[in-house]
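The structure appears right after this line, and notes come after that.
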Amino acid sequence: MGKKIGLKETADCLKNADSVIITSHVSPDGDAIGSTLALCAYMRGIGKKADVVIDDELPRSMSFLPGYDDILRPEDYKGSAGMLVIVDTDSSRIGGVAEISNGLPILNIDHHISNNGLADYIFIEKSAAAAEMVYEILTELKAELTPEIAFPLYTGLATDTGFFKFSNTRSSTMRAAAALIDAGAMPHVVSEALEAKPVEMVRGQMEALQTMELTAGGRVAGLFLDRELMERLESTEGFIDMVRVIEGVDVAVLIKCVDENVCRVSMRSKGLDVSKVAGEFDGGGHIRAAGCTLKMPLADAKKAVLDAIERALEA
């Protein structure tokens with residue numbers, strides 16, 4: 001286990017670092033991308049060497065964010081750095097970034113209660129989003145909030161709170177959002193960009209909905225995407241929300257076969273602690289939103305996850 005640190009010590013770590021790799025989890029969402037881009041923009045703005053490296057395809061819906069085109073895959077990173085900064089996850093979910101950063105000291109900034117603690121310095125806070133934590137760090141550093149910082153951070157806040165509708169939205173979240181708007185973030189630009197979907201994605205959603213199943217007396221709704229379907233889909237962002245809103249559903253689950261015998265699982269809940277379910281498979285997350293990766297065929301992963309959810313509901 002690493003050393004748990006607070007806001008000031010985290011700010012000092014960043015201030016004292018000359019060069020950093022900044023990363024987040026595979027299957028990156030708005031919070032992961034927004035938080036890493038904002039932190040990178042700040043570090044570069046004060047003359048530090050910084051790169052965002054993420055080991056996965058990026059959702060095209062985030063391409064409006066400044067710095068999006070500069071995000072690297074691990075195999076494309078040719079530089080060197082003095083520190084690895086992991087944001088919005090722990091070291092277990094950064095994929096191939098672990099290999100290119102082997103031996104570097106690790107600063108971990110995360111808002112997930114299931115964090116594995118495997119970093120040199122760990123700043124964990126029960127915030128609405130990692131973006132809110134990065135905002136607090138930059139405020140501690142007295143950083144100038146430029147539009148290049150404000151847009152990604154606002155996007156992270158908005159996406160992780162369901163555009164400020166989810167129960168994790170706090171008064172501090174709204175104050176941070178207001179400050180970011182004052183700094184140049186434009187909510188209508190963010191919402192229009194994220195709501196826009198190419199026709200291929202709409203068709204993909206239609207195909208995904210054909211896999212929908214209700215179990216546990218209608219309390220669980222799932223989408224189960226095989227490898228063939230995944231190869232046709234550019235993104236699955238927002239798919240889980242299509243079944244989460246079904247009346248009577250407590251737990252929504254999305255299982256994607258991303259490679260032979262490798263399935264990624266996302267869960268959303270209105271009541272059940274799905275982080276405990278994910279923990280059964282060495283995953284984690286929040287009480288209401290969690291995920292894991294299972295190294296097994298889709299049919300086996302589906303059965304294992306649904307059985308675990310039903311056991312949890314009956315407990």
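Just the residues that are surrounded by 21 or more Cβ atoms within 10 Å (Cβ to Cβ) and part of a loop (DSSP other than H, G, I, E, B), please, taken from segment 116-131.
Ala119, Ser127, Ala128, Ala129
Here is a check on your reading of the model: is Ile71 of a type outside the set (D, E, K, R), in contact (Cβ under 8 Å) with a residue 40 or more places away in the chain and in the same structural domain as Ala17 (by TED's automatic domain parsing)?
On the way: of a type outside the set (D, E, K, R): yes; in contact (Cβ under 8 Å) with a residue 40 or more places away in the chain: no; in the same structural domain as Ala17 (by TED's automatic domain parsing): yes.
It is false that Ile71 is of a type outside the set (D, E, K, R), in contact (Cβ under 8 Å) with a residue 40 or more places away in the chain and in the same structural domain as Ala17 (by TED's automatic domain parsing).
Quick check: anything in segment 181-189 among the β-branched types (Val, Ile, Thr) and farther than 25 Å from Ile71 by Cα? Can you show your working first?
Filtering segment 181-189 down to residues among the β-branched types (Val, Ile, Thr) leaves 181, 189.
Narrowing further to those that are farther than 25 Å from Ile71 by Cα: none.
Checking segment 181-189: not a single residue is among the β-branched types (Val, Ile, Thr) and farther than 25 Å from Ile71 by Cα.
Just the residues that are assigned to a loop (DSSP other than H, G, I, E, B), among the β-branched types (Val, Ile, Thr) and at pLDDT 95 or above, please, taken from segment 210-243.
First pass over segment 210-243, keeping only residues assigned to a loop (DSSP other than H, G, I, E, B): 210-212, 219, 226, 233-238.
Adding the requirement that they be among the β-branched types (Val, Ile, Thr) leaves 211, 236.
Thr211 - this is the single residue of segment 210-243 that is assigned to a loop (DSSP other than H, G, I, E, B), among the β-branched types (Val, Ile, Thr) and at pLDDT 95 or above.
Name the residue that is farthest from Ile5 (Cα to Cα), counting only residues in segment 84-97 that are surrounded by fewer than 22 Cβ atoms within 10 Å (Cβ to Cβ) and either among the polar types (S, T, N, Q) or over 17 Å from the mean Cα position of the chain (by Cα) (or both). Talk me through it step by step, then tell me what you get.
Of segment 84-97, the ones surrounded by fewer than 22 Cβ atoms within 10 Å (Cβ to Cβ) are 90-92, 95-96.
Next, from what is left, pick out any that are either among the polar types (S, T, N, Q) or over 17 Å from the mean Cα position of the chain (by Cα) (or both): 91-92.
Details: Ser91: 17, Ser92: 20 Å.
Among them, the one singled out is Ser92.
Looking at segment 1-29, I want the residues that are within 16 Å of Ser91 (Cα to Cα) and have a partner that is surrounded by fewer than 20 Cβ atoms within 10 Å (Cβ to Cβ) and of a type in the set (Ser, Thr, Tyr) with Cβ atoms under 7 Å, at least 6 apart or on another chain. Which pairs are those?
Going by the 7 Å Cβ cut-off, the qualifying pairs are Gly2/Tyr121; Lys3/Tyr121.
I'd like the full set of residues that are in a loop (DSSP other than H, G, I, E, B) and under 27 Å from Asp259 (Cβ atoms), limited to segment 89-103. Walk me through how you get there before you give the answer.
Step one: list which residues in segment 89-103 are in a loop (DSSP other than H, G, I, E, B), which gives 89-90, 94-96, 101-103.
Of everything in segment 89-103, those that are in a loop (DSSP other than H, G, I, E, B) and under 27 Å from Asp259 (Cβ atoms) turn out to be Thr89, Asp90, Ile94, Gly95, Gly96, Ser101, Asn102.
How many of the residues in segment 2-32 are within 20 Å of the chain's Cα centre (by Cα) and of a type in the set (Gly, Ala, Ser)?
4
The values are calculated or read from the model by the stated rules, or taken from the named source; none is laboratory data. Computed from a predicted model, the values in this text were never measured in an experiment. As a convention, Cβ positions derive from the backbone with ideal geometry for all residues, glycine included, and neighbour counts pool all protein chains shown.
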